[in-house]
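Contents: one structure, followed by commentary.
The values are calculated or read from the model by the stated rules, or taken from the named source; none is laboratory data. In this text, all values refer to a predicted model and were calculated from it rather than measured experimentally. With ideal geometry, Cβ positions are generated from the backbone for all residues, glycine too; neighbour counts draw on all protein chains shown. Remember, those area values only see protein heavy atoms, side chains included, never the ligands or the DNA or RNA. Shrake-Rupley method; radii C 1.70, N 1.55, O 1.52, S 1.80 Å.
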Amino acid sequence: APAPAAAPAPQPVPRNYLVFFDFDKSDLTPDARQIVKLAADNAKKGGISRIHLIGHADRSGPAAYNMALSQRRASSVQTALTADGVTAGQISSEARGETDPLVPTADGVREPQNRRVEIIFR
């Protein structure tokens, strides 16, 4: 008799997520909340032990303010991840402010794609 077919290997979980924010805000929108929930669920399902968050801001305000805003954004994502069952000890974060834009812009330009937190599974 032929051997039974092997079960297909589970699909690997995505390792990077982008959470976007409204202008001058660090609270999660409903869409952002869904992305964080998906990341938390996939981290648990995929056995991910380390998650790194990188907060960003656009270039529409002073650099020091944007650095603090990007840290608040990373903290908001971390809080949501822990609420979704990820252990706080698994999460590290950093703020880059306006120094690492997704979309290069001139100083003072509002760019929605630059107002983000990257969730990276390590």
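Suppose R0 equals 22 Å; then what is the FRET efficiency for Ile120 and Ala63 from their Cβ-Cβ distance, rounded to the nearest 0.05?
0.40
Order 103-112, 71-80, 57-66 from most to least packed using the mean count of other Cβ atoms within 10 Å.
Going from most to least packed, we get 71-80, 57-66, 103-112.
How large is the accessible surface per residue of the chain, computed with a 1.4 Å probe and reported in Å² as a whole number?
About 55 Å² of surface per residue is accessible.
Taking the Cβ of Ala63 as the centre, find all other residues whose Cβ is under 10 Å away and add up their charges (Lys, Arg: +1; Asp, Glu: -1).
With Lys, Arg at +1 and Asp, Glu at -1, the neighbours total -1.
Relative to a virtual label point 7 Å from the Cα of Ala106 in the Cα→beta-carbon direction, which members of the range 44-77 show backbone nitrogen distances below 15 Å?
It comes to 59-61, nothing else.
Looking at the chain, send over the antiparallel percent of its DSSP beta bridges, to the nearest 5.
Approximately 60 percent, going by the DSSP bridge assignments.
In whole Å, what is the distance between the alpha-carbon centres of the range 24-55 and the range 67-122?
10
Taking the Cα atoms only, what angle lies between the long axis of helix 63-83 and the longest principal axis of the chain, rounded to 10 degrees?
30
Take the alpha carbon gyration tensor of the chain, find the square roots of its eigenvalues, order them as a ≥ b ≥ c, and report rounded if a/c is under 1.5; if not, report prolate when a/b exceeds b/c, else oblate.
Prolate shape, in that a/c is at least 1.5 and a/b is the bigger ratio.
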